[in-house]
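Heads up: the structure comes next, in structure tokens.
No lab work stands behind these numbers, since they all come straight from the coordinates. This is a predicted model, so every value here is computed, not measured. Cβ placement follows ideal geometry from the backbone for every residue including glycine, while neighbour counts extend to all protein chains displayed.
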Amino acid sequence: MFKIVADSSSDVFQLSDVAYAHVPLKIISLDKEYVDTPELKVFEMLEEIKATKSATSTSCPNAYEWKEAFGGADGVFAVTITSNLSGSCNAAMQAREEYLRKKQAASDERKKQTLLTKLRREAETLEGELGQIEEELFGSAAADYVRAAELETLREEKENRLLEIYEEIGV
């Protein structure tokens, strides 16, 4: 699933039939923080700010807020206010890096688990083959010397591969 995530520059709070998230900018006055959501009453905010006669500032969404908005999407299209006016774009880029790092780590973990499963199956097969070789090698007093030497060489090869597998999977 792909998702569109936008900050307040888009002035869009929701989209129907589209995976979408809004990451709001904030306006901060001396006594209150106003978050750009559909519930914000803009004219009331302006009157309150005008009445306090204090300086105001703005705050862009941080990287954590962007990353949370990305959620579990397979891909994200982020819309931000220009990087010349706000740190929102930079925060979105930081979130992107973390998002990609976690996605890669999850992929690496899946690959590792697949490899471990293959190695365990190979080890089980080798253990079974070693058991058969040893049974044939030591279980038959009639085995001739040449056949015994071939079986011993085969046993050693399989045993060495088994040790390599155990070392790879940490057993």
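For the reader, a short list of remarks on this structure follows.
- Relative contact order of the chain, defined on C-alpha pairs under 8 angstrom at six or more residues apart (%): 20
- Cα-Cα over 25 Å, subset of Lys26/Lys102; Lys118/Lys158; Lys3/Lys103; Lys3/Lys112; Lys26/Lys53: Lys26/Lys102; Lys3/Lys112
- Considering every alpha-carbon pair of segment 33-99, the percent of pairs per 5 Å bin, from zero through the bin containing the longest distance, is 3, 15, 20, 18, 16, 13, 8, 5, 1, 0.
- Taking a sphere under 12 Å around the Cβ of Leu116 and counting the other residues whose Cβ falls inside, with K and R at +1 and D and E at -1, yields a net charge of +3.
- Dividing the convex hull volume of the alpha-carbon atoms in the chain by its residue count gives 172 Å³ per residue.
- Considering only alpha-carbon pairs that sit under 8 angstrom and 6 or more positions apart, the relative contact order computed for segment 6-51 is 27 percent.
- Ellipsoid fit via the Cα gyration tensor, segment 1-79: semi-axes of 29, 13, 8 Å, each the root of five times an eigenvalue, largest first.
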